[in-house]
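What follows is a set of notes on a single structure, which appears directly below.
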Amino acid sequence: MHSPSKSRRGGFTLIELLAVILIISILMMFLLPRIPEAIDRSKVTACKKNLQEIYSGLMIHQDKHGRVPDKSGAQFFATLISKGVWENTEATAQKLTCPGVDLGSLAIGSMEPSEWFADIDSVDGTYSSYAGRDMKNSPLKKFPGSGKEPLVADDNDGSEEEGNHRTTTVVLYADGNVGTHELYELQEKGDIDKETLVLKVGPDSPLEELRKLSLD
């Protein structure tokens, strides 16, 4: 007669459980510090998409009115809504400010999206986290235009320690290209000091091209 075989006990042994915990801890050690960077990169991507949409809106404005908006700063791109190039909805209003900035830090934080850019005369640099072309001091000679002529960019305003994104400034150019300036690359090239933590945009910018933009 054959003796009945002993059934094997299911489940993890203590050693196996400790091994799993160790593996998870190692993964977390490598992945957790990269989560903020991954979130910021996704917001940079969303910011680029916003600027591409703004360029399309400027093209429509050019077709309808024979020129790009003649206002400066935030009013430069807010004209897309105030003049009816874009329908004034929450979706279109959100395209006119950087997704990397908390709306609570802007004047529009307590307003309905349909009110953000409806009254062009009330719009200033506190309404958006983008800087627009300074059409008064740096008017565009033609549009579409040169890939060296900036139209809209992150304003990097409101903090001396952090811009719209951690290390990246996104810029829309007159040829429709959306480019970036990386803080560390500018430091290595000597365009900004090693101690500089934010790339200024506007008349005080260390980059000549970004002086053609206005935060007002």
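Here are the numbers for this structure:
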| quantity | calculated |
| --- | --- |
| Which listed residue is over 15 Å from the mean Cα position of the chain (by Cα) and modelled with pLDDT of 95 or more, from 79, 97 | 79 |
| The listed residue being closer than 25 Å to residue 39 by Cβ and in contact with an Asp or Glu (Cβ under 8 Å, 6 or more places away or on another chain), out of 156, 164 | 164 |
| Counted residues, segment 116-142 - those being among the hydroxyl-bearing types (Ser, Thr, Tyr), touching a helix residue (DSSP H, G or I) at 6+ places or on another chain (Cβ under 6 Å) and crowded, with 19+ Cβ neighbours inside 10 Å | 2 |
| Test: residue in segment 176-190 that is farther than 30 Å from residue 61 by Cα and part of a loop (DSSP other than H, G, I, E, B) | yes |
| Test for residue 195: is it modelled with pLDDT under 95 and in a helix (DSSP H, G or I) | no |
| Where residue 152 falls short, out of the listed (1) touching a helix residue (DSSP H, G or I) at 6+ places or on another chain (Cβ under 7 Å); (2) in a loop (DSSP other than H, G, I, E, B) | (2) |
| Check on residue 199, farther than 26 Å from residue 59 by Cβ, in contact with a strand residue (DSSP E or B) (Cβ under 6 Å, 6 or more places away or on another chain) and not hydroxyl-bearing (Ser, Thr, Tyr) | yes |
| Restricting segment 1-47 to residues that are among the charged types (D, E, K, R) and closer than 30 Å to residue 98 by Cβ, the residue that is modelled with the highest pLDDT | 43 |
| Test for residue 145: is it surrounded by fewer than 20 Cβ atoms within 10 Å (Cβ to Cβ), on the phi < 0 side of the Ramachandran plot and either modelled with pLDDT under 95 or not in a strand (DSSP E or B) (or both) | yes |
| Filter result for residue 178 (closer than 22 Å to residue 95 by Cα, of a type in the set (A, V, I, L, M) and surrounded by 14 or more Cβ atoms within 10 Å (Cβ to Cβ)) | yes |
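The values are calculated or read from the model by the stated rules, or taken from the named source; none is laboratory data. Since we're looking at a predicted model, the values are computed, not measured. When we count neighbours, we look across all protein chains shown, and the Cβ atoms used for this are built from the backbone with ideal geometry, even at glycine.
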